[in-house]
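One structure is given below, encoded as structure tokens.
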Amino acid sequence: MKIVSVINYKGGVGKTSLTSNLGAELAWRGKKVLMLDLDPQTSLTFSFISPDVWEEKFSEDRTIKSWLESFDSPSPIDLASLIYTPERVETALRGRGKLDIISSHLGLINVDLELATKLGGGTIAQVKKNFINLHKTLKVGLSTIDSDAYDVVLIDCPPNFNIITKMAIIACDYILVPARPDFLSTMGIDYLIRNVNGLVKDYNDFANMAQGEKFDSIDPKVLGVVFTMIQEYGGGPMQAHAQFMNRVKGMTGISAFPSYIKRNDTLFADAPELGVPVVLNGYNSGSHQSVVDGLENVASDFRKYLGI
């Protein structure tokens, strides 16, 4: 089971659309995929579960928020008990693979603030131990799920570097960075990678210095940047987009996927209401099909990089 965190500081870069369609395409190819929504905006969740159903059946005790809050209760929730199989996606997959989700909650941002209060301690040693124990929470939780149950876990992270995001980084094997080809979306990528490297170093340093308890070190790999919302001209990205794409490709230590996702606001905006990602909607002509082809190519690159 390979765990991938999908992260970018900038919102509106197509992070959730990439996660949902990547998961759906992998499932269509016969893979078993679990998606985990850690974003308080809950966009990934509402792409598969209607808000009214979520409110009725999930909001109270079947979200990642419920799981995190349960650690202070006498009966902590089992992470696996939160897994849900969206019926409309299951029908669209026609038995090819599996696509499940653990839903988020709009109040998750408040949980993050509460978690921060647990980082203190009376001594430096206690502070370091608290840092490790808190940040490895998701890693421990995912380890309780049968490793044969899924080929890939995709984590949709918040667009910031808070404790929830740090939990996802420490839990994952790989990091995937979606980005629009513009100034604001690309300028923070290098900063994001530096912060990831700093977090990994701090965690491993604290783990090595821990006394009386053994903690495994972590080493998440950056798979690369996937460009989204590309507009084409003459069979390739328009010049303004190509400029920013080349800028990222020139960054030291950061690679970019050779394939990209074309822009089609209507297509991606309508998909959540249908409850089925674009790649499973059966488009076979015109600009719709070219968008689907791009998604399939990104998924093909992704499978190759992960060796699945």
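Observations on the structure shown:
- Count of residues meeting criterion [of a type outside the set (D, E, K, R) and farther than 29 Å from residue 188 by Cα] in the range 131-168: 8
- Filter result for residue 145 (within 23 Å of residue 63 (Cα to Cα) and assigned to a helix (DSSP H, G or I)): no
- Screening the candidates 66, 5, 81, 47 for the property of being among the polar types (S, T, N, Q) and touching a Cys at 6+ places or on another chain (Cβ under 9 Å) yields one hit, 5.
- Per the conditions (1) among the polar types (S, T, N, Q); (2) closer than 19 Å to residue 13 by Cα; (3) at pLDDT 80 or above; (4) surrounded by fewer than 17 Cβ atoms within 10 Å (Cβ to Cβ), the sole criterion not satisfied by residue 266 is (3).
- Residue, modelled with the lowest pLDDT, within the range 269-305, restricted to residues that are in contact with a Lys or Arg (Cβ under 7 Å, 6 or more places away or on another chain) and closer than 18 Å to residue 100 by Cβ: 275
- For the range 133-168, taking the residues that are touching a strand residue (DSSP E or B) at 6+ places or on another chain (Cβ under 6 Å) and of a type in the set (A, V, I, L, M, F, W, C), the one that is farthest from residue 115 (Cα to Cα) is identified as 152.
- Residue in the range 47-57 that is modelled with pLDDT under 95, more than 23 Å from residue 274 (Cβ to Cβ) and out of contact with any strand residue (DSSP E or B) (no Cβ under 7 Å at 6 or more places or on another chain) present: no
- Tallying residues that are in a loop (DSSP other than H, G, I, E, B) and at pLDDT 85 or above within the range 107-142 yields 2.
- Being surrounded by 14 or more Cβ atoms within 10 Å (Cβ to Cβ), of a type in the set (D, E, K, R) and either without any contact (Cβ under 8 Å) to a residue 40 or more places away in the chain or assigned to a helix (DSSP H, G or I) (or both) is a property that residue 301 has.
- Residue ID - surrounded by the fewest Cβ atoms within 10 Å (Cβ to Cβ), chosen from residues in the range 148-161 that are in a loop (DSSP other than H, G, I, E, B) and either under 14 Å from the mean Cα position of the chain (by Cα) or of a type in the set (A, V, I, L, M) (or both): 149
- The number of residues in the range 10-29 that are closer than 11 Å to residue 261 by Cβ and either in contact with a strand residue (DSSP E or B) (Cβ under 6 Å, 6 or more places away or on another chain) or not in a helix (DSSP H, G or I) (or both) comes to 3.
- Some residue of the range 278-298 being surrounded by 14 or more Cβ atoms within 10 Å (Cβ to Cβ) and part of a loop (DSSP other than H, G, I, E, B): yes
- Summed over the range 64-113, residues that are without any contact (Cβ under 8 Å) to a residue 12 or more places away in the chain and not hydroxyl-bearing (Ser, Thr, Tyr) total 9.
- Any hit, the range 1-10, residues being out of contact with any Phe, Trp or Tyr (no Cβ under 7 Å at 6 or more places or on another chain) and more than 20 Å from residue 223 (Cα to Cα): no
- From 117, 137, 144, residue being in contact (Cβ under 8 Å) with a residue 40 or more places away in the chain and either exposed (fewer than 14 other Cβ atoms within 10 Å of the Cβ) or over 21 Å from the mean Cα position of the chain (by Cα) (or both): 144
Residues are listed down the side, and each one gets a yes or a no for (1) surrounded by 11 or more Cβ atoms within 10 Å (Cβ to Cβ); (2) in a strand (DSSP E or B); (3) at pLDDT 85 or above:
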residue: 184; (1), (2), (3): yes, no, no
residue: 193; (1), (2), (3): yes, no, yes
residue: 205; (1), (2), (3): yes, no, yes
residue: 213; (1), (2), (3): no, no, no
residue: 219; (1), (2), (3): no, no, yes
residue: 223; (1), (2), (3): yes, yes, yes
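- For residue 100, the conditions (1) of a type outside the set (Ser, Thr, Tyr); (2) under 17 Å from residue 27 (Cβ atoms); (3) more than 19 Å from the chain's Cα centre (by Cα); (4) surrounded by 13 or more Cβ atoms within 10 Å (Cβ to Cβ) are fulfilled apart from (3).
The values are calculated or read from the model by the stated rules, or taken from the named source; none is laboratory data. Computed from a predicted structure; not experimentally measured. Virtual Cβ from ideal backbone geometry, glycine too; neighbours counted across all protein chains shown.
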